[in-house]
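Report on the following structure.
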Amino acid sequence: MKILIVVPCYNESERLRQEDFVQFVERHEDIEFLFANDGSRDNTLEVLQQLCTRHPHLHLLDIQPNGGKAEAVRKGMLYGAETPIMDGGIKPDYIAFWDADLATPLFEIPRMAEWMAGQALDANSPHTYDIVMGTRLLRLGAKVKRKKMRHYLGRCFATCVSIMLNLPVYDSQCGAKMFTTEVVRNIFQESFSTRWLFDVELLARYQQRYGHKNACEQIYEFPLFQWIDIDGSKLKSRDFFKAPIELLRIKRRYKFNK
């Protein structure tokens, strides 16, 4: 399996854990990273340029001007799907996007890929997926740490998303999601209607294109072993109160059978 991870970056020069990325690609030769600089106003671009000279599996896409996380993710995912940037000119089997702060640690990538490829279940009857979404499920034995207010707001929001899409979604907003390259080409082409809720919009697009049945069977919510709320997030608690308006935009734009 060849996997490309898109990492959107906006003013991340102080938070970017460079050594973690370098050490990870040295241990996983089939996984590469594409850092999508979203018109950063600090020296993030220079930091990324230096980082990407340290290993051939680290790549850079400079996006100017700043267009927001949704657009940085969209352009990075399409660039990764359509441009043979990986070692040997090979295009990836799977493409993911991953938050730069590593709230979701990198060791979750191979675990998610196993579910994508059907290797995590019965090898004699594998079930592959089109999308695997990281899910911040609070449970015994896991190291999932979220601020209480965000957790409760997130549960309310997830309920609204589930009702609107008629899908049993537990956590649509986790910043770790993996897709087949074919699905990336099909659902990332058009710009998003919303700035922060593009994750929900992706689910709406998939359901509109592939149908409700496939959405229920070919999307898997993967319970993360570890997720830790990192200070410095661009998303603020007050942004949750804008969610109803953005959800309404999505509902008006997409039509699908329920």
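The numbers here are math on the coordinates, done by the rules we state, and not lab data. Bear in mind the structure is a predicted one, so any value in this text is a computation, not a measurement. Note that we place each Cβ from the backbone using ideal geometry, even for glycine, and neighbour counts take in every protein chain shown.
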- prompt: Given H placed on each backbone N at 1.01 Å, which residues far from Ile5 in sequence or on other chains put an amide H within less than 5 Å of it?
  reply: Glu32, Phe33, Leu34, Ala96
- prompt: Hey, any idea what the orientation-averaged projected area of the convex hull of the range 66-136's Cα atoms comes to, in nm²?
  reply: 6.4
- prompt: For the range 128-258, what is the Kirkwood estimate of the hydrodynamic radius, computed as the reciprocal of the mean inverse distance between distinct Cα atoms, to one decimal in Å?
  reply: 15.4
message: Within 9 Å, Cβ to Cβ, of Met86, how many net charges do the neighbouring residues add up to if Lys/Arg are +1 and Asp/Glu are -1?
response: 0
- prompt: Taking the alpha-carbon centroid of each part, what is the distance from the range 83-128 to the range 192-214 in angstrom?
  reply: 20
query: Relative contact order (percent) for the range 3-253, with alpha-carbon contacts under 8 angstrom and 6 or more residues of separation?
result: 21
message: Assuming a strict under-22 Å limit between Cα atoms, what lysine pair count do you get for the range 3-253 once near-sequence pairs (fewer than 8 apart, same chain) are dropped?
response: 28
- request: Could you calculate, for the range 152-215, the ratio of the Cα radius of gyration to the Kirkwood radius, expressed as Rg to Rh?
  value: 0.95
query: Label Arg155 and Gln23 with points 7 Å out from Cα along Cα→Cβ: what is the distance between them in nm?
result: 3.5
- request: Assuming a ≥ b ≥ c are the square roots of the Cα gyration tensor eigenvalues, decide whether the range 1-84 counts as rounded (a/c under 1.5), prolate (otherwise, with a/b larger than b/c) or oblate.
  value: oblate
query: Using all Cα-Cα distances in the range 3-253, what percent lands in each 5 angstrom bin from 0 up to the longest?
result: 1, 6, 13, 18, 21, 19, 13, 7, 2, 0, 0
message: Using helices alone, I'd like the mean residue ellipticity at 222 nm for the chain: each DSSP H run of four-plus residues gives -39500 (n - 2.57), total over residue count, nearest 500.
response: -11500 deg cm²/dmol
